[in-house]
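The values are calculated or read from the model by the stated rules, or taken from the named source; none is laboratory data. Keep in mind that this is a model prediction, so the values were computed, not measured. Cβ coordinates were reconstructed from backbone atoms using ideal geometry, including for glycine residues, and neighbour counts include every protein chain displayed.
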Amino acid sequence: MTRIGWLRLPLTLTYVFLYVPVVVLVIMSFNASKSPFSWGGVSTHWYAVLAGDQNVLKGLGNTLVVAAGATVLSVALGTLIAVGLQRHSNSSFLDSFALAPAIVPDIVLGIGLLVFFSLISVTLGLHSVLLAHVVFGMAFVAAVVRARLSQTDPSLEEASRDLGAGQVATFFRITVPSIMPAIIAGALLVFTLSLDEFVIAFFTDGPSTPTLPIVIYSMVRFGVTPEINALASLLMLVSFTAVLAAQRLTRLTDSV
Amino acid sequence: MRRHTHTPRRTTLVAVAAAASMFVLAACGGNGGGSGDASALPSDSLNPSVDLKTQSLVVSNWAAYMPDDLPANFQKEVGPKVTVTTHATNEEIVAKLTAGTDSGIDVAFVSGQYAQALAAQGLLEPIHADLIPNLANLYPEATKLPYDIGNKYSVPYSWGTTGLCYRSDKLSFTPDSWNDLLSPRPELVGKTTMLATERWLMLPAQKSLGFSANTTDPAQMDQVKAKLIATKPTLLAYDDTTFYDRLVSGEALMVEAWDGWCNYGIAKDKNIKFVVPKEGSDLWADTMVILKTSKNKEAAHALINYILGAKVQSWVVENILYKVPNKAAMDLVAPALEVDYPNLAFTPTDLLKQEGLVDLGDAGPMYTKIATEVTAS
Amino acid sequence: MTSADLVPGRGASRRRARVERVVFLGPGIGYLIAFMAIPVLLILSLTIFKRGRFGGVVYQPTIENFIRAFDPIYLSVLGNSLVIASITTVLALALGYPTAYGIAKLAPKWRTIALIAVVLPFWTNFLIRTYAWIVLLNSEGPINKSLVGAGLIHQPLELLYTRGAVVAGLLYAYIPLMILPLYASIERLDPQLREAAANLGASPWRTFRDVTLPLTLPGAIIGSIFVFVPSMGNFIIPELLGGGKTVMVGNLIRDQFLKARDWPFGAVLALALIMFLVALFALQSWVTRRLNGGGRT
């Protein structure tokens, strides 16, 4: 580990910055008081409340479905379009078109999609939220993958084709592995953004399938309780455990 | 590596753009116009003897604003299944109801002036009073709210006013005027917050200057703006959601607050007090409305009737600490609660002395612009 | 790009290239036309109409909305947003670049974990993360209390409800959007390249400037766009951490659609923001191409 040298400093700094609020958030989940701001003594009350709160748990389930689905679709569409733009297009118009979802204000996209779905009589539900999240998710994946592709050496793929490998084989055996870190980074981004997205989800969701952010924001008026902190703490604990376990079990390593 | 740009693609896009705008024109012609058919009378299409068990309802509300067990109890006692969906703000749910053709929502909870705007756009089903016998539980004053006199399109769920919420133990005086907030004494500089939602952002200055809270006069609003800009440097923050916590922690000593929300501060610290400034204030109401697109209007009326029962509305008082315009419910509330939370004892007559908020019509964008000019100053 | 395209007579290759183009570009472009271009154009086409008296849209053409947009207040908000978003982006780059570099240098088995650790805090809800910052920074909060307690300061510092708090909040919210793309482009750096440069006597700084930096530039640019754009558009951080005393472009647009219920004017402001950003990116893409072109020839 000596090879990271002085980089230890910015790494430490970043992770401290990232996790200080998380520590506060976890501490507040054990707050006896009803407020996520003021301390009222230690209690596990909010974990019990969470366990019995069907709305929040259902919201979490809905959110996970949307985030997972949006990630898979975004990775597929975003990777394809990134490769296509890099290899088969020289149009800067298409470049900006593919990046456009990242610059359209979310409220415009949200209301626009709602109007559009109404016009074509699509019933709203998790599927419409998923479709909406793929719009920006795909743009993020495409941009990250392109940033990596733009410096990739195409000679390997040509060699592969010259050796008689088919298009599909070349794409999956040569192209995809060489951009895998970008795909992983893009997928993590989309999943993370989708999990916490509120504005677009609010406008494109149907009434019986609220996502977690919709459930949480609607609590603002009468108080977001530390129950949500408890949920967040558990979620992080589970994710971290799962990641570490996966690494232990499969010796998960980066693909490149 | 260069390749010619493909013009056909660009042409396609332009064509799509053009087609899309035609689409809007064609599709929205129907519900445009804004002023809508506000004069529509109750239709006779409702069937009072329909089997309610065959209907089901979707209700959009703020989270935790009605009892958790209400859907189950309603289904058991009356029949229809109720799904509750939630919204965070009036503004969001109104935008959603306006943009979509059928949101799937049958009953929505919105504040009075928003109910007025929805009704004016022809989106609401008129209330069929004969299907809601429990309307008799309401105070007579509850039919005089100016956003919807006679409750033609909306039924009030809760009401209240806005005032100053302060730490009596940390102030050297007893505030009684909006000017205590707008031109604070030195001990309060940097220790006050104002509400950020534009109607209530304007309210203290409007009342302090002797104007209506519904004024649409640009000259008056210029004075309001100047006053608010002068106040801005003395504020800790504009805050709609966390002000009572700031008061409890001592970060703020006096805040502009809705009466019910001040009660959340009082619940944590008895030194917190509420006062309606002498210049007067507003009268706000949250209401229940039925969407015209609802296919379960009989059940929707039945739900509103159920909610107006004394049991549900007294729950609102006891748990949300809001006043309700429901005499039967207020009569059920233990007098001790009114000792702890004095503003719960305000009578309907007291409340009606304040000015009821109505939609601003064409002046709406002016308020938004002034709010921007104030907060960005 | 292959030479096949340029040689007439190899029709099969050309056809293959065309098929490939459709296979790679077709689904994504089609998707974006259906679910982005059409919905967004539906809204942007409202720019030429009037707001109804109670909200909604009256379909009478007008250019008044465009004239209103030139009010100085909107320009000043745009200027203010630009400054805040730029500061946020520069800070994110300064912190994110070495972090991404560090992660890429970790042993492979730790890299994915380190990456996930970057996004994990964001699997919690935005509101309660922001509340956590309020808990930390408020005048009665732990930072101020311990500073006062230690006798370092007498009066609590005003950490919250300042522009600084807004920048800190935005930086926190969007730093992963900088780190992940940077990581993706740094990770593929061939260490041999740098070693070669070092062996040829290049100083570490020259190696960085001439080898590392140009190769990681695309990632840095994408990361900067990812941080800059949502920083301009965020409206909750200015409200909660800025105490509503700082207004960003995001607040403006949101307020027109929701508070004023003036969709036509909201659409004008949105269009203005989109055009401004597109112009900014066009400039960026022109600069990059010139830099890249210079590097290649």
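Would you confirm, using the coordinates I've provided, whether C:Y59 is on the phi < 0 side of the Ramachandran plot and modelled with pLDDT under 95? Spelling it out, C:Y59 is indeed on the phi < 0 side of the Ramachandran plot and modelled with pLDDT under 95. Scanning the stretch B:281-331 for residues that are outside any helix (DSSP H, G or I) and aromatic (F, W, Y) yields a count of 2. Scanning the stretch C:205-249 for residues that are more than 7 Å from every other protein chain (Cβ to nearest Cβ), among the small types (G, A, S) and within 15 Å of the chain's Cα centre (by Cα) yields a count of 4. Hey, among C:A165, C:A132, which residue is buried (at least 21 other Cβ atoms within 10 Å of the Cβ), within 7 Å of another protein chain (Cβ to nearest Cβ) and either more than 30 Å from the chain's Cα centre (by Cα) or among the small types (G, A, S) (or both)? Result of the check over C:A165, C:A132: C:A132. Do we find that C:V135 is of a type in the set (A, V, I, L, M), out of contact with any helix residue (DSSP H, G or I) (no Cβ under 8 Å at 6 or more places or on another chain) and in a helix (DSSP H, G or I) in this structure? Against the criterion (of a type in the set (A, V, I, L, M), out of contact with any helix residue (DSSP H, G or I) (no Cβ under 8 Å at 6 or more places or on another chain) and in a helix (DSSP H, G or I)), C:V135 does not qualify.
Residue count for the stretch B:115-135 satisfying the condition of being part of a helix (DSSP H, G or I), surrounded by fewer than 24 Cβ atoms within 10 Å (Cβ to Cβ), touching a Leu at 6+ places or on another chain (Cβ under 9 Å) and of a type in the set (A, V, I, L, M): 3. Total residues in the stretch C:209-228 satisfying the condition of being of a type outside the set (S, T, Y), surrounded by fewer than 23 Cβ atoms within 10 Å (Cβ to Cβ) and within 21 Å of C:I84 (Cβ to Cβ): the figure is 3.
Evaluate the following for C:I225: is it on the phi < 0 side of the Ramachandran plot and touching a residue at least 60 places away in the same chain (Cβ under 8 Å)? No; evaluated as a whole, the condition is false for this residue. For the stretch A:134-168, the set of residues classified as outside any helix (DSSP H, G or I), in contact (Cβ under 8 Å) with a residue 60 or more places away in the chain and more than 9 Å from chain C (Cβ to nearest Cβ) is empty. Quick check on the stretch C:250-257. Is at least one of its residues part of a loop (DSSP other than H, G, I, E, B), acidic (D, E), within 14 Å of chain B (Cβ to nearest Cβ) and closer than 19 Å to A:V199 by Cα? No: zero hits.
Among residues of the stretch C:258-271 being within 7 Å of chain B (Cβ to nearest Cβ) and in a helix (DSSP H, G or I), the one that is farthest from B:V110 (Cα to Cα) is C:F265. Just one residue in the set B:Y114, B:Y139, B:Y147 is aromatic (F, W, Y) and under 22 Å from A:F202 (Cα atoms); that residue is B:Y114.
For the stretch B:148-165, the criterion of being at positive phi and in a loop (DSSP other than H, G, I, E, B) is met by at least one residue.
Tallying residues that are under 20 Å from the mean Cα position of the chain (by Cα) and facing another protein chain (nearest Cβ under 7 Å) within the stretch B:357-377 yields 6.
Consider the stretch A:68-121 and keep the residues that are of a type in the set (V, I, T) and farther than 30 Å from B:A95 by Cα. The one that is farthest from the other protein chains (Cβ to nearest Cβ) is A:V72.
Quick one: is A:L131 surrounded by fewer than 23 Cβ atoms within 10 Å (Cβ to Cβ), at the interface with another protein chain (Cβ under 7 Å from one of its Cβ atoms), part of a helix (DSSP H, G or I) and at pLDDT 90 or above? Here the answer is yes, as A:L131 does meet what is asked.
For C:T88, state whether it is more than 9 Å from chain B (Cβ to nearest Cβ) and either in contact with an Asp or Glu (Cβ under 9 Å, 6 or more places away or on another chain) or buried (at least 23 other Cβ atoms within 10 Å of the Cβ) (or both). When the stated conditions are applied, C:T88 passes them. In the stretch C:43-76, the residue that is nearest to the other protein chains (Cβ to nearest Cβ) out of those that are of a type in the set (A, V, I, L, M), assigned to a helix (DSSP H, G or I) and within 15 Å of C:D262 (Cα to Cα) is C:I43.
Residue count for the stretch B:77-121 satisfying the condition of being over 19 Å from the mean Cα position of the chain (by Cα) and at the interface with another protein chain (Cβ under 9 Å from one of its Cβ atoms): 7.
Among the residues examined, C:I43 does not qualify as within 30 Å of C:V118 (Cβ to Cβ), under 25 Å from the mean Cα position of the chain (by Cα) and in contact (Cβ under 8 Å) with a residue 24 or more places away in the chain.
Among what's in the stretch A:169-220 and is outside any helix (DSSP H, G or I) and among the charged types (D, E, K, R), pick the residue that is surrounded by the fewest Cβ atoms within 10 Å (Cβ to Cβ). Within the stretch A:169-220, the match that is surrounded by the fewest Cβ atoms within 10 Å (Cβ to Cβ) is A:D196. In this structure, B:D282 does not satisfy being closer than 28 Å to B:S56 by Cα and either outside the structural domain of B:Q113 (by TED's automatic domain parsing) or at pLDDT 95 or above (or both). I'd like to know if the stretch B:270-290 contains one or more residues that are over 29 Å from B:K207 (Cβ atoms), touching a strand residue (DSSP E or B) at 6+ places or on another chain (Cβ under 8 Å) and surrounded by 21 or more Cβ atoms within 10 Å (Cβ to Cβ). Within the stretch B:270-290 (the criterion being over 29 Å from B:K207 (Cβ atoms), touching a strand residue (DSSP E or B) at 6+ places or on another chain (Cβ under 8 Å) and surrounded by 21 or more Cβ atoms within 10 Å (Cβ to Cβ)), the answer is yes, since at least one residue qualifies.
If you check B:A196, B:A237 for being part of a loop (DSSP other than H, G, I, E, B) and either in contact with a strand residue (DSSP E or B) (Cβ under 7 Å, 6 or more places away or on another chain) or among the aromatic types (F, W, Y) (or both), only one passes: B:A196.
Residue-by-condition table, conditions (1) in contact (Cβ under 8 Å) with a residue 40 or more places away in the chain; (2) among the aliphatic types (A, V, I, L, M):
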{"site": "B:S158", "(1), (2)": "yes, no"}
{"site": "B:R167", "(1), (2)": "yes, no"}
{"site": "B:S172", "(1), (2)": "no, no"}
{"site": "B:P175", "(1), (2)": "yes, no"}
{"site": "B:E187", "(1), (2)": "yes, no"}
{"site": "B:M194", "(1), (2)": "yes, yes"}
{"site": "B:A205", "(1), (2)": "no, yes"}
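The helices (runs of 4 or more DSSP H) falling completely within the stretch C:148-225 that include 2 or more residues that are among the β-branched types (V, I, T) map to C:163-186.
Kindly evaluate B:A142 against the criterion of being on the phi < 0 side of the Ramachandran plot and without any contact (Cβ under 8 Å) to a residue 12 or more places away in the chain. Judged against the criteria, B:A142 is not a match.
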